[in-house]
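Remarks on the structure that follows.
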Amino acid sequence: AQMFIRTSAHLMNVAPFFGKWLKDLAADQLDNGGVPFVIPHVLDENSHSSAAWGDAAVICPWVIYQCYGDKQILEQQYESMKAWIDYMHAQGEQEFLWNTGFHFGDWLGLDSKPGSYIGATDRDLIATAFYAYSTSLFVKTAAVLQKEEDVSYYTNVYEQVLKAFRHEFITPSGRLSVPTQTAHVLALMFGLVEGP
């Protein structure tokens with residue numbers, strides 16, 4: 001959903017559909033903020049909270065707001081968005097890296113090993129990249145809704161995740177430690193590297 005939402009919003013008015021679907025996401029969201037792999041949640045109870053899949057909780061409302069300019073979707077989904085950020089924050093062996101749990105990774109990546117659906121990009125890099133990106137979008141959401149305490153708190157979280165990402169995945173000479181196309185695209189698209 002989060003991969004196609006901008007395209008679908010360009011092609012048609014999908015705000016009513018995604019408004020309903022995001023309500024379903026919030027209803028199926030776990031008490032700890034985790035997000036099921038599919039909405040409605042029809043899989044077993046352990047099928048939840050992969051990076052990129054769960055980030056639909058934050059990315060989809062933000063894209064709908066960007067495309068249609070209606071703050072109502074942000075107000076409706078705010079607690080769900082916040083819960084997903086808090087879920088990611090509680091993961092990982094280090095507070096600002098998401099380096100634990102199951103992740104689909106670069107699903108169907110053309111650089112996957114024979115017999116595997118998961119591409120060659122390090123799943124910890126993908127998870128931490130989405131952790132940073134969704135947190136940055138949540139900070140923007142809090143600013144739009146004038147929730148200044150959350151802006152301050154989650155700006156700090158974002159800055160710490162960004163610092164941890166750079167420490168973990170960028171070499172001292174400035175190269176990404178994971179030399180795949182996906183790693184480079186995520187780092188550039190999500191603003192995780194310095195420079196022009």
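The values are calculated or read from the model by the stated rules, or taken from the named source; none is laboratory data. In this text, all values refer to a predicted model and were calculated from it rather than measured experimentally. Glycine also receives a Cβ, built like all others from the backbone with ideal geometry; neighbour counts cover every protein chain displayed. These area figures cover heavy atoms from the full protein model, side chains too; ligands, DNA and RNA do not enter into them. Shrake-Rupley method; radii C 1.70, N 1.55, O 1.52, S 1.80 Å.
Yes or no, residue by residue, for (1) part of a helix (DSSP H, G or I); (2) under 15 Å from Gln66 (Cα atoms):
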residue: Ala1; (1), (2): no, no
residue: Ser8; (1), (2): yes, yes
residue: Asn13; (1), (2): no, yes
residue: Lys20; (1), (2): yes, no
residue: Lys23; (1), (2): yes, no
residue: Ala26; (1), (2): yes, no
residue: Asp31; (1), (2): no, no
residue: Val38; (1), (2): no, no
residue: Asp44; (1), (2): no, no
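May I ask you to list the residues in the range 114-156 that are modelled with pLDDT of 95 or more and touching a His at 6+ places or on another chain (Cβ under 6 Å)?
The answer is Ala127, and nothing else.
Looking only at the range 94-103, decide whether some residue is surrounded by fewer than 19 Cβ atoms within 10 Å (Cβ to Cβ), among the hydrophobic types (A, V, I, L, M, F, W, C) and within 26 Å of Ala183 (Cβ to Cβ).
yes
Condition check: within 16 Å of Lys20 (Cα to Cα), modelled with pLDDT of 95 or more and outside any loop (DSSP other than H, G, I, E, B). Does Met81 satisfy that?
Working: within 16 Å of Lys20 (Cα to Cα): yes; modelled with pLDDT of 95 or more: yes; outside any loop (DSSP other than H, G, I, E, B): yes.
It is true that Met81 is within 16 Å of Lys20 (Cα to Cα), modelled with pLDDT of 95 or more and outside any loop (DSSP other than H, G, I, E, B).
Going through the range 21-62 one residue at a time, which ones are surrounded by 16 or more Cβ atoms within 10 Å (Cβ to Cβ) and among the acidic types (Asp, Glu)?
Hits for the range 21-62 are Asp28, Asp55.
In this structure, is Ile73 part of a loop (DSSP other than H, G, I, E, B), more than 22 Å from Ala183 (Cα to Cα) and not charged (D, E, K, R)? Spell out the reasoning first.
Details: part of a loop (DSSP other than H, G, I, E, B): no; more than 22 Å from Ala183 (Cα to Cα): yes; not charged (D, E, K, R): yes.
Taking the combined requirement at face value, the residue does not satisfy it.
Test of understanding: among Asp106, Asp111, which residue is within 25 Å of Val63 (Cβ to Cβ) and modelled with pLDDT under 90?
Asp106
Would you point out which residue out of Tyr65, Tyr87 is under 20 Å from Asp150 (Cα atoms), open to solvent by 10 Å² or more (accessible area, probe 1.4 Å), aromatic (Phe, Trp, Tyr) and within 13 Å of the chain's Cα centre (by Cα)?
Values: Tyr65 fails: within 13 Å of the chain's Cα centre (by Cα).
Answer to the check: Tyr87.
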